[in-house]
Amino acid sequence: MGDATKRLLQRLIRRTRIQMLKTTLEKWDRLTLAQRQSMVFIQSKSAITEKLLSICEENEWTVKHIAELEMIHVMDNPNQGMWYAFRLMDPEDDAHSVELMQFKEQFKSLLHELVRHVSVKIKKHADEAIWIRIAWGDGFSQPNHLKPTYVVHYLQTPFVFVTSITSKQKPLLSQALTVSTRHQDLKNANLSGRKLTAIRDLLMQQYPQVFPTNFPGHTAENNQMESNPRRVKEQAGLEADRLRMAHKAFGDGMLPELESAVYELETKFNGHANGTMTDREQPFRCVVKFTSTNLLESLRQCASSGIVSTVTPLFSSIPRSGKNYFVITNKSHGSSSKTSNITEPQILDSKD
Amino acid sequence: MDGADSKGVLNQLSVLEVRARSRNTQPQQQCCVKELRAKAEALKIQRDQLEAEAQIHKVLHKLRMSMEKQCPHEEEEAMDEESENTQLLQLMARHTQLKDLLYAHHVIGGYDVIKTPQSKGVCMSLTTAYEGIYLDTYNLEIDLKHKLTITRHNIPPFIPLKDLAKQSNMQTNIRAFLDTLSLHLNAFTGRKQQLKFVKEQHQSITVMESNVLCSRLVLMFTVPRGKNAVLCRLDYTDHTRCLPTGVQFVCEDEELLDSPEWKKNCSLLKETPVHKALTTMKKNGSIV
């Protein structure tokens, strides 16, 4: 059994909780009945590792088998590692009729053409997502299974989610993806996070949003029913307004769990205290980062509790445009003089 | 003497008492009268207001009746007076007519339009339904500046919103745009529901392939005799329809597919929704 196989298996077991390991092995279904019965999951991890390594020898598994096991594990636990969202641009006419088999064959053959040694595995998830695991090699070395790239794509949508890819590998992946999905280009969507489910729900708009309607649903009635009629809230009107504003920007249900938002400022300095800074023509470069366990929920609470008086477009553009990386510049109004007021900062797409 | 005096005194006292009492009630009556008069005034003003409103309603009703009878071109000729009042009343009549139309449209399951509270825009909500059951509602917020722009929406990304807006020329003919969008959304919801029913009602049939747009379905059937498997491919290339445009069977036993029974199944799948077609096929004994 190869060294690579051993290392991959050891690493997988080390990173997985025992209960999770049991479920994943059952799903993988490559152990014989006797082997399954001999696996005792109450032992320590090192004992389990020994047992699995011996079963691996027995069954003569190769690194590809272990890669498959790892893939099943990652598909069930997608909220680890750092995921980056990309968007496919300029679809061609037949982009809408790309089917699964066609995509799989084309993608694999393209990637094999572009990279001499590469190992590609494609699986379909129950929720119609296509998962791709790529182990990259190059002209001289075999594919490195310890640093695989995972790609998730839903056919007929323009979104692609990628984890662990280097800048050298990105153009190769981009080319293979654009040709096999019949698009012209792959662009950075400026959205990243640890939880794949969160960034996916944000981009595919799969979280409850609130729109004005003539026939408000049952949520308003629920609130009325819960409040005690003998209790009068002092600022009920204001509170209702704040709640409505918060709901309009962020919806009223569960929000996708983003962890951070980054604003890169390239605006002119606008404070009165520091004269030298205001005099400078060049923009004041600064990066502001907001982090939280659930950023959108905390922003919504800020709005509904009154900590912020209005939801600025800087915050509401996170769910609206599905991004969490923004570059802010001043709108240019032809000639700028020293005494001109700072114009409204505008949010640009990132340079990528 | 004493008795007469006391009687007299008592009498005096009682007269005084009566006088005092009557003095107390008199100012009360005056207050009452004042209040009642004020109330009467207020009621009179209210009555005048209501009369004026009723009058406007009558005029509006007349205008609306005439609006509905005539076609829009004749409307302008019929109104001779050019006073601001009549123009305003015309606008009000048109407004109520539109509101009623929208409500009727909403009740029959079409789209609804509401003005967004702060910005200068409207929010259109499109409802989808399949087989008489209301399903998802999709919303579009449109800004009414020089150019109509869609600012916010919750339409899934695989419905080509921007393309539809361009093709049906949203700027000039928003009705056409909304109609095509509604067709796409209803068809998508219909196909999604059919897939859900197939998974729930026909558990002996495996769904081999499907996609988010529900434009492609591959099912695997088992034939009762011989236990052959038949692969069925349904292509919904027309995204505005709930029925497939193409049906293809793949089986090892080619003769089976040439039989009239399976030719009938092919046309059945093209004409009836999937879950119903499968029930019929099971009844006929084509599949298990």
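The calculated FRET efficiency for residue B:91 paired with residue B:31, based on their beta-carbon distance and R0 = 56 Å, is about 0.70. Cross-link partners of residue A:289 among aspartates and glutamates, defined as those whose alpha carbon lies under 12 angstrom from its own and excluding same-chain residues fewer than eight positions apart: A:259, A:264. List the aspartates and glutamates whose Cα lies under 17 Å from the Cα of residue A:268, skipping any in the same chain that are fewer than 8 positions away. Cα-Cα hits under 17 Å: A:279, A:281, A:344. Restricting the range A:243-299 to trypsin sites (Lys or Arg not before Pro) that sit in a DSSP loop and have at most 14 other Cβ atoms within 10 Å of their own Cβ leaves A:280. Along the Cα-to-C-beta direction of residue A:13, a point sits 7 Å from the Cα; which residues of the range A:128-148 have their amide N less than 19 Å from that point? Only A:146 pass the distance filter. Residues of chain B were split at every exposed loop site, defined as trypsin sites (Lys or Arg not before Pro) in a DSSP loop with at most 15 other C-beta atoms within 10 angstrom, and the longest piece left, sites excluded, is B:1-119. Net charge of the neighbourhood of residue A:72, taken over other residues with C-beta under 9 Å away and scored Lys/Arg +1, Asp/Glu -1, is -1. Extending 7 Å from Cα along the Cβ direction at residue A:32 and again at residue B:280 yields two label points whose distance is 5.1 nm. What the phi angles of the range B:272-282 give under the Karplus curve with 6.51, -1.76 and 1.60, with θ = phi - 60°, is a coupling list of 10, x, 3, 5, 6, 4, 5, 4, 4, 5, 5 Hz, glycine and proline written as x. When the listed pairs A:147/A:168; A:104/A:147; A:124/B:282; A:104/A:124 are checked against a 19 Å cut-off, the alpha-carbon distance exceeds it for A:104/A:147; A:124/B:282.
The local environment of residue A:23, defined by Cβ-Cβ distances under 11 Å, has a net charge of +1 under the rule Lys, Arg +1 and Asp, Glu -1.
Can you give the local net charge around residue A:131? Use residues other than it whose beta-carbon is closer than 10 angstrom to its beta-carbon, Lys and Arg +1, Asp and Glu -1. Walk me through the numbers on the way to the answer.
On the way: positive: A:121, A:123, A:124, A:133; negative: none.
So the surrounding residues net to +4.
Work out the FRET efficiency for residue B:175 and residue B:40 from their Cβ-Cβ distance, taking R0 = 51 Å, and round it to the nearest 0.05. Before the final figure, lay out the partial values.
Details: r = 53 Å, r/R0 = 1.05.
Given R0 = 51 Å and the Cβ-Cβ separation, E is 0.45.
A run of chain A free of exposed loop cleavage sites, with GluC sites (Glu not before Pro) counted only in DSSP states other than H, G, I, E and B and at most 12 other beta carbons within 10 Å, reaches its longest extent at A:93-233. For the peptide A:203-214, the mean number of other protein chain Cβ atoms found within 10 angstrom of a residue's Cβ is 5.
Need one number: convex hull volume per residue for the range B:202-283, Cα atoms only, in Å³. Write down the numbers at each step before the final one.
On the way: hull volume 7.4 nm³, N = 82.
Each residue corresponds to 91 Å³ of Cα convex hull volume.
Enclosing the Cα atoms of the range B:109-255 in their convex hull gives a volume equal to 121 cubic angstrom per residue.
In this entry, the range A:228-315 is assigned a mean projected area of 8.4 nm², taken as a quarter of its C-alpha convex hull surface.
Past the 34 angstrom mark, what percentage of all C-alpha to C-alpha distances in the protein assembly as shown do you count? Result for the distance tail: 64 percent.
Note on the range A:20-176: semi-axes of the ellipsoid equivalent to its C-alpha gyration tensor, largest first and rounded to whole Å, are 32, 18, 14.
Greater than 18 Å separation of Cα atoms is the criterion. Which listed pairs, A:195/A:323; A:6/A:45; A:64/A:123; A:248/B:145; B:192/B:283, meet it? The partial results should precede the final answer.
On the way: A:195/A:323 14 Å; A:6/A:45 15 Å; A:64/A:123 14 Å; A:248/B:145 21 Å; B:192/B:283 24 Å.
Among A:195/A:323; A:6/A:45; A:64/A:123; A:248/B:145; B:192/B:283, the Cα-Cα distance tops 18 Å for A:248/B:145; B:192/B:283.
Spin-label model, residue A:274/residue B:199: points 7 Å from Cα along the beta carbon direction are separated by 5.6 nm. Enumerate the residues in the range B:234-270 having an amide nitrogen under 20 Å from the point lying 7 Å beyond the Cα of residue B:222 toward its Cβ. Label zone hits: B:250-254, B:256-257.
FRET efficiency for the pair residue A:6 and residue A:168, taken as 1/(1 + (r/R0)^6) with r the Cβ-Cβ distance and R0 = 35 Å, rounds to 0.80. The chymotrypsin sites (Phe, Trp or Tyr not before Pro) of the range A:33-96 meeting both criteria, a DSSP state outside H, G, I, E and B (loop) and at most 13 other C-beta atoms within 10 angstrom of the site's C-beta, are A:41. Bridging of residue B:44 to lysines at a Cα separation below 18 Å is possible for B:34, once same-chain residues fewer than 8 apart are set aside.
For the range A:188-193, putting each phi into the Karplus relation 6.51 cos²θ - 1.76 cosθ + 1.60 with θ = phi - 60° gives couplings of 5, 8, 6, 9, 8, x Hz, in residue order, rounded to whole numbers and with x for Gly and Pro.
For residue A:327, the residues 5 or more places off, or on other chains, whose built amide H falls under 5 Å of its own are A:264, A:348, A:350. On C-alpha positions alone, give me the angle between the axis of helix A:45-59 and the longest principal axis of chain A, in degrees, nearest 10. Tilt relative to chain A: about 50 degrees. Normalising the Debye intensity of the range A:117-206 to I(0), with uniform scatterers on Cα atoms only, and taking log10 at q = 0.11, 0.24, 0.25 Å⁻¹ returns -0.32, -1.46, -1.54. Taking only the Cα atoms of chain A, the ratio Rg/Rh comes out at 1.06, with Rh defined as the Kirkwood radius.
Modelled label positions at residue B:207 and residue A:146, each set 7 Å beyond Cα in the direction of Cβ, lie 4.2 nm from each other. Proximity of backbone amide H atoms, modeled 1.01 Å from N, is registered between residue A:251 and A:210 at under 5 Å, excluding neighbours fewer than 5 places apart on the same chain.
Using the Karplus relation 6.51 cos²θ - 1.76 cosθ + 1.60 with θ = phi - 60°, the per-residue 3J(HN,Hα) values for the range A:21-37 come to 4, 4, 4, 5, 5, 5, 5, 5, 6, 10, 8, 6, 4, 4, 5, 4, 5 Hz, with x marking Gly and Pro.
Since every read-out is calculated from the coordinates, none of them should be taken as a lab result. As the structure is a prediction and not an experimental result, all values here were calculated from the model. All Cβ positions, even for glycine, are placed from backbone atoms using ideal geometry, and neighbour counts span all protein chains on display.
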